[in-house]
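Report on the structure given below.
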Amino acid sequence: MTATELQQRDWAALEQQYYQGTFKRHPITLVRGQGTRVWDSTGKEYIDFVAGIAVNVLGHCHPAVIQAVQEQVTQLVHVSNLYYNVRQIELAEQLASLSGGMRSFFSNSGAEANEGAIKLARKYGRLHRNGAYEIISMDRSFHGRTLATTAATGQAAYQASWAPLPDGFKQVPFNDLDAVKQATSEKTAAILVEAVQGEGGIWPSSPEFLQGLRQWCDEQNLVLICDEVQAGAGRTGKYFSWEHYDITPDIVTMAKGLAGGVPIGGMLTGKRTDIFAYGDHGTTFGGNPIACAAGVATIKTIKEQNLLENATKMGEYWHQKLETLCAKYSNIIDSPRGIGLMRAVNVKHDLAGEIAGRAMQQGLLLNALGGSTLRMIPPLVLTKTDLDEAATILDHTLSEVATLPQAQ
Ligand SMILES: Cc1ncc(COP(=O)(O)O)c(C=O)c1O
């Protein structure tokens, strides 16, 4: 489509006519991306600190992903899971080497990966814990939009309209090991946790909590599921965020960054819970050759370009910038936090949306989680120059917001 054609059509109006209104859109239409930058339909450039919500780990249109996808579409776009699939096995092999030998099952999204994990945990409970089926998850967690993953999500706002939700889910306060222990009963099969909570506002687990959960699961014969959909694929500076805690979960779920922007979900399991048998689970598209080829290319690039190290270094550099900005605008933002390139600050006076909107006008895409949190989850390929530029824009935005009556 030419630039003129892109500008001639009113995309917002067309969307209203043809697309269901489930998303609160920002008033721009993104049409192109390259590295850490995206461009809208008017040609305006933005630094992308949203990255498809923690998806584009290699940035936009990385040559390795392009090449892998281009080669694959000329060979085989789709093949049924009735047959062996080279790319699927290659990706599973890569993930096994990163996870200490776990075996994979691929789906199409994070919610679907968690559905698989829930089924697997229920099977474990049926076989090895007298029919236990209940899953304990955490307040403020997010696990997806299907009915079961909505029931597992510890945020009332996502659950309120969909009663009755599937039975067998219970939430307890995050980072509270005693609460988990008290909630455990003969019905409990598994504990589901994000090592670093994402949608809930970028809250890392305490080491005592995650290590305590591992020990509790071992003592009680429970399944420990880590939802790595957002924090995985290198975002925190380790390929899996649970690696920061010196534990290994029984089941790991993935999606988002796994294939560098091509849709995929993954459910990995260690030996103890590797109990799915023929017919227990399935999918038409999951493990599709294009997604898996992109996944292999993404993991190889993360390794070859030392992107885990870059995520750690750039994350620390960004944290310093955030600390400086929090000190300068202490009436608006505080509590800089996070690991690697998974960062956030608290925003006072419900101004997170206002800041994200104004930063966007100045060329920086940020994500407001409600009114009180700004989330930053940029590509792992970004440089100090990107961060300096982003910090200048954020500084300018905050100086404007500081003058608003709401900020006083
Ligand atoms: C931790 C976590 N789990 C699961 C999901 C759901 O993933 P998807 O939107 O791919 O279904 C998300 C999405 O934001 C997530 O952050």
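Coordinate-derived values only; no laboratory data. Everything numeric in this text was worked out from a predicted model, so none of it was measured. Because the Cβ atoms are built from the backbone with ideal geometry, glycine has one as well, and the counts that use them run over all protein chains shown.
Data overview
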| quantity | calculated |
| --- | --- |
| Charge tally in the Cβ shell below 11 Å around Glu93, where Lys, Arg are +1 and Asp, Glu are -1, Glu93 excluded | +1 |
| Net +/- balance of residues flanking Phe276 in space, Cβ distance below 12 Å, scoring K and R +1, D and E -1 | +2 |
| DSSP bridge pairs, the chain: antiparallel proportion in percent, nearest 5 | 65 percent |
| Per-residue HN-Hα couplings for the stretch 342-349 [Karplus 6.51, -1.76, 1.60; θ = phi - 60°; Hz; x = Gly/Pro] | 10, 10, 7, 10, 7, 10, 8, 6 |
| Interchain or long-range residues, amide H under 5 Å from Gln197's placed H | Trp203, Ser205 |
| Amide H contacts under 5 Å for Arg375, placed H, 5+ residues apart | Asn367, Ala368, Leu369 |
| For the stretch 132-145, 3J(HN,Hα) per residue [Karplus equation, 6.51 cos²θ - 1.76 cosθ + 1.60, θ = phi - 60°, Hz, x = Gly/Pro] | 4, 9, 6, 10, 9, 10, 10, 4, 6, 6, 9, 10, x, 10 |
| Amide H contacts under 5 Å for Gln34, placed H, 5+ residues apart | His60 |
| DSSP-loop chymotrypsin sites (Phe, Trp or Tyr not before Pro) across the stretch 1-83, with at most 11 other Cβ within 10 angstrom | Tyr19, Phe23, Tyr83 |
| Within the chain, helix-based [θ] at 222 nm, where runs of 4 or more DSSP H residues each add -39,500 (n - 2.57), nearest 500 | -12000 deg cm²/dmol |
| Neighbour cut-off at most 11 other Cβ (10 Å), DSSP loop, GluC sites (Glu not before Pro), the stretch 173-275 | Glu186 |
| Computed over the stretch 19-70: relative contact order in percent, which uses C-alpha pairs under 8 Å that are six or more apart | 28 percent |
| The chain, relative contact order in percent, only Cα pairs under 8 angstrom and at least six apart counted | 21 percent |
| Rel. contact order, % - alpha carbon contacts under 8 angstrom, at least six apart, the stretch 1-145 | 11 percent |
| Neighbourhood net charge (15 Å Cβ-Cβ; Lys/Arg +1, Asp/Glu -1) for Val31 | -1 |
| Span-rule helices in the chain, defined as complete DSSP H runs reaching 24 Å or more along the axis (Cα) with Kyte mean at least 0.0 | none |
| Cα gyration tensor category, rounded, prolate or oblate, for the stretch 193-293 with a/c compared to 1.5 | oblate |
